[in-house]
Structures are given as structure tokens and as C-alpha cells.
């Protein structure tokens, strides 16, 4: 008796992940990046306990944050360009209002997160130049807001991506080459 293979790739389940897609599209890279983003944002809470007088630490934190911001912006851009790009035309063609609404929501969430990243970057840069308690308080509040926004967005994204991956709105062939090439270039 031969072993049958499923056409659906196995999807990883990582701590904090909201959902794992069923369907023909392998979303493991997205889930892994989301896992790393969650971890980096959790580690950003170290800012709260950093003494103001530790200028070298503030400089290191600002440098680490710049790399994180670059990765997060790259992820948003890649997701928009390679994952969500085929959805609008297919949603309109199939009169799928829910998919159109999801895409609009995702775009708005991405824009809000990019704005919040910029605010946190500005505060961390200011702390690296001249540590100040008031700026650190604003940074703490901004990081908390960003963590909340990103957490909600990743949950929304994982559920919506799973829905889209399992539906006819995405085709396997449209995803593979572009996303893989971008991921390799960035690493």
C-alpha cells in the first residue's frame, strides 16, 4: 500500500501564533518572521529598566532598534507586494466584499504600524544622543502602543492569511519566486 501525500504543506505552530493556514500555500516563512517580531517587541521592554546614565546601552538599543525597524518595514513591504497584491483583483472579480475589506484593514494597520515604528525610532535616537527621563517615558508609552498594535495586526494577519491561502483568492504560483527572492536578498 502506497503512502499518499497531501497537497497541503504542513504549517508551523509557534508560541503566540493566532492561526495556522490550511491550503496549498506554505506560510511558514511568514509565521517565523511574525514569531521573531513578537520576540523582538517583547525584548524591547528592556528599555523600561535601562538607567538613564548608560549612554552606551542607549546607543546599542538605538542600533538594535534600527535593524528591527528595517526588518519590520521590509516585512510589511514584502507582504504587501508579494502576498496581498493578487487579492484586490480577485476579490472584485468574485465580489468578495469580506476580502476587499480585509485588504483595506491590512493596509491601514500597516500604515499605522510604520508610523509608530518611526516615533519609537525618533525617541530611541534622542535617548542615544542625550538620555532624558521624559523622553524615556514617551518611548515606554510608544513601545507599549506599538506592541499592542503589532500584536493585534499579527493575529489579524495570521487569520486573514490563512483564510486567503485556503481560498481561491491566492494561487500558489503567484507567491513562490518573488517572496523567496526577496527573503534571500534581505538575509
The stretch 106-123, subset at pLDDT below 95 and out of contact with any helix residue (DSSP H, G or I) (no Cβ under 7 Å at 6 or more places or on another chain), residue nearest to residue 26 (Cα to Cα):
107
Any pair with Cβ under 9 angstrom, 6 or more apart, that starts in the stretch 110-123 at a residue that is touching a residue at least 60 places away in the same chain (Cβ under 8 Å) and on the phi > 0 side of the Ramachandran plot and ends at one that is surrounded by 14 or more Cβ atoms within 10 Å (Cβ to Cβ) and not in a helix (DSSP H, G or I):
none
For the stretch 48-66, give me each residue that is farther than 29 Å from residue 14 by Cβ and in contact (Cβ under 8 Å) with a residue 24 or more places away in the chain.
52, 53, 54, 55, 58, 59
Restricting to the stretch 23-47, count the residues that are in contact (Cβ under 8 Å) with a residue 60 or more places away in the chain and surrounded by 13 or more Cβ atoms within 10 Å (Cβ to Cβ).
13
Among the residues of the stretch 95-109, how many are in contact (Cβ under 8 Å) with a residue 40 or more places away in the chain and either under 15 Å from residue 159 (Cα atoms) or in contact with a strand residue (DSSP E or B) (Cβ under 8 Å, 6 or more places away or on another chain) (or both)?
5
Residue among 46, 66 that alone is farther than 22 Å from residue 158 by Cβ, in a helix (DSSP H, G or I) and modelled with pLDDT under 90
46
Which residues, counting only those in the stretch 136-154, are surrounded by 18 or more Cβ atoms within 10 Å (Cβ to Cβ) and more than 18 Å from residue 34 (Cα to Cα)?
136, 139, 142
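The values are calculated or read from the model by the stated rules, or taken from the named source; none is laboratory data. Everything quoted here is computed from the prediction, not taken from an experiment. Neighbour counts are summed over all protein chains in view; Cβ atoms, including those assigned to glycine, are modelled from backbone coordinates with ideal geometry.
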